[in-house]
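What follows is calculated from the coordinates using simple rules that are stated; it is not laboratory data. Source: prediction; values computed, not measured. Neighbour counts are summed over all protein chains in view; Cβ atoms, including those assigned to glycine, are modelled from backbone coordinates with ideal geometry.
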Amino acid sequence: MKNRLLFVISHQPNPRFIKQINYFSENGFKVNVIYFYREYLANLNKHIDNNVNIYLLDNIENGKYLKRIGIYLKSIFKLKKLLKKIQPQTIILTNTDILLLLIINRIKLYTNNIIMEISDLPNYTFDDSITSKLQRYLDKIFLRKYISKMIYTSPKFYEFYYQREFKGQYLILENKPLLSILPPRIDKKENKKIIIGIVGLLLYFKPYKALFDVVKNRDDIEVHIYGKGIYEEEVESYAKRYCNIKYFGVYDFFTDISKIYASLDMVYISYDTTKGDINIKLALPNKLYEAIYFKVPIIATRETYLAQRVIENHIGYVIKCCQEEDIEKIISKYRKDKDIFCSSFDKIESNKYLADTDYNKLIEFI
């Protein structure tokens with residue numbers, strides 16, 4: 001009998017979860033997915049394996065936390081019916097909010113094999129407010145009582161927080177793509193202008209603005225933006241004012257990603273480190289591995305784990321957040337350094353940016 005595996009996630013399946021969902025479905029699991037919908041994320045459900053059952057709980061608006069509590073409470077009964085229907089043997093979930101919903105629905109009546117996957121550190125893990133301290137205390141109780149295993153997309157998440165709070169089994173599963181889901185590389189364009197890309201969720205406007213203000217009105221550089229997110233209106237406003245800043249909107253990872261990277265000279269993965277957000281200093285984004293696979297140099301923010309990886313592998317530049325002078329310097333150096341980056345990409349072993357070996361470990365871990 002197939003292992004009944006249930007994903008319960010706080011947003012619609014993104015490429016990271018879709019590759020996991022499909023991988024398990026193709027490897028003998030009966031997979032079900034329960035999710036909340038968020039407007040600022042692309043809907044990629046059409047890429048989920050046809051044998052997977054998908055259930056929408058409700059819509060969540062970004063940032064409206066009090067309203068979110070009401071949506072969670074409203075979803076309890078629907079979730080209860082779905083759990084009875086699915087009878088899961090293994091559950092993978094995304095955060096403590098989802099865990100609480102499952103606890104309310106007496107999840108241990110169904111299974112003790114409950115796995116939490118951490119792709120971002122919640123703010124309460126590094127904030128010193130009374131509310132955050134209370135959340136950390138509850139975290140410790142819930143993790144130890146209900147979670148059997150943990151998955152982390154960055155080893156730094158474990159080192160910084162979870163090694164103190166959770167003593168059970170864990171797996172580091174960086175958000176690398178599977179070779180089978182990546183479209184083939186296509187020949188890179190030889191651009192007369194330098195094309196700098198912003199690809200993915202638009203969550204950090206301050207670094208974007210610094211880049212825009214450096215390149216606006218220049219005829220030797222363009223910025224191409226692909227994606228959506230909470231700052232898409234601000235990004236679109238710049239694109240309307242300056243002809244060399246181009247906003248292409250939402251994209252489909254599974255069909256568009258190869259063309260996007262083939263059109264770029266550099267990819268700008270600069271986070272806003274001015275706000276004391278520990279998460280962005282420790283995270284490893286999927287764009288790191290995509291850029292390596294497609295051999296596109298990275299512009300990263302200093303004092304982040306991403307920047308450390310970029311420096312170690314000699315695959316791009318590191319700048320101080322939002323410093324226009326730093327951005328101008330690296331743009332002036334790019335053409336001279338281009339061949340050095342190409343050589344560095346060729347030296348990186350495929351298991352450093354592809355997940356195929358890691359997913360063999362994932363099956364065993366589950």
Fill in: Folded to 0 to 90 degrees: helix 324-347 orientation relative to the chain principal axis, Cα
70 degrees
Worksheet item: Check ILE194: other-chain or 5+ apart residues with amide H under 5 Å from its amide H, H built from backbone geometry?
Response: ILE221, GLU222
Fill in: Extension gain (nm, one decimal) between ASP49 and LYS2, 0.36 nm per residue minus Cα-Cα
15.3 nm
Item to complete: Please report the base-10 log of the normalised intensity I(q)/I(0) for the chain, using a Debye sum with one equal scatterer per alpha carbon and no solvent, at each q in 0.12, 0.14 (1/Å).
Response: -0.95, -1.27
Worksheet entry | When each of LYS46/LYS74; LYS2/LYS108; LYS145/LYS275 is checked by Cα-Cα distance, pairs over 23 Å | LYS46/LYS74; LYS145/LYS275
Discussion item. If the only charges are +1 at each Lys and Arg Cβ and -1 at each Asp and Glu Cβ, what is the size of the charge dipole of the chain around the Cα centre, to the nearest 20 debye?
Written reply: 1320 debye
Discussion item. Spelling out what I want: for every residue of the range 151-164, take phi, set θ = phi - 60°, compute 6.51 cos²θ - 1.76 cosθ + 1.60 (Karplus), and round to whole Hz; glycine and proline get x.
Written reply: 10, 10, 7, 9, x, 5, 4, 5, 5, 6, 9, 6, 5, 7
Fill in: Rel. contact order, % - alpha carbon contacts under 8 angstrom, at least six apart, the range 36-95
32 percent
Response to the item:
Along the range 193-204, Karplus-curve 3J(HN,Hα) (6.51, -1.76, 1.60; θ = phi - 60°) to the nearest Hz, with x for Gly and Pro, reads 8, 7, 9, 10, x, 10, 10, x, 5, 9, 10, 9
Worksheet, complete the sentence: Expressed as a whole-number percentage, the relative contact order of the range 219-366 with C-alpha contacts under 8 angstrom and at least six residues apart is 16 percent
Item to complete: Rounded to whole Hz and in sequence order, give me ³J(HN,Hα) for the range 109-117 from the Karplus expression 6.51 cos²θ - 1.76 cosθ + 1.60, θ = phi - 60°, writing x for Gly and Pro.
Response: 5, 9, 7, 9, 8, 10, 10, 9, 10
Practice prompt. Starting from the amide H of ILE225, placed 1.01 Å from N in the peptide plane, find each other amide H under 5 Å away whose residue is 5 or more places distant or on another chain.
Written response: ILE198, LYS246, TYR247, PHE248
Worksheet entry | Modelled FRET efficiency - R0 45 Å, ILE130 with PHE248, Cβ distances, 0.05 increments | 0.55
Worksheet item: When you count, for each residue, the other Cβ atoms within 10 Å and take the mean per peptide, how do 180-188, 354-362 rank with the highest first?
Response: 354-362, 180-188
Fill in: Overall dimensions of the range 139-240 by Cα: Rg and Dmax, Å
20.4, 59
Discussion item. Need the C-alpha centroid separation for the range 106-185 versus the range 289-351, integer Å.
Written reply: 29 Å
Worksheet entry | Helix-only [θ]222 nm of the chain, DSSP H runs n ≥ 4, -39500 (n - 2.57) each, per residue, nearest 500 | -12500 deg cm²/dmol
Discussion item. Order these by the 10 Å Cβ neighbour count, fewest first: THR111, THR301.
Written reply: THR111, THR301
Item to complete: Could you order peptides 15-28, 324-337, 280-293 by the average number of other Cβ atoms within 10 Å of their residues, highest first?
Response: 280-293, 15-28, 324-337
Worksheet entry | Dipole magnitude of the range 233-366 about its Cα centre (Cβ charges: Lys, Arg +1; Asp, Glu -1), debye to nearest 20 | 360 debye
Response to the item:
Here, SER350 and GLU190, labelled 7 Å along Cα→Cβ, have an inter-label distance in nm of 2.9 nm
Response to the item:
One would report the Cα pair-distance distribution of the range 148-206, bin width 5 Å, in %, as 4, 11, 13, 13, 14, 16, 12, 8, 5, 3, 1
Worksheet entry | Net length gained if the chain between LYS140 and GLN308 were fully extended (0.36 nm per residue, minus Cα distance) | 57.5 nm
Worksheet item: Pairing the Cα long axis of helix 205-215 with the longest principal axis of the chain, what angle in degrees results, from 0 to 90 and rounded to the nearest 10?
Response: 20 degrees
Item to complete: Enter the angle in degrees (range 0 to 90, nearest 10) between the Cα long axis of helix 232-241 and the first principal axis of the Cα atoms of the chain, meaning the one along which they spread out most.
Response: 20 degrees
Discussion item. Net charge within 14 Å of LYS320 by Cβ-Cβ distance, Lys/Arg positive one each and Asp/Glu negative one each, not counting LYS320 itself?
Written reply: -2
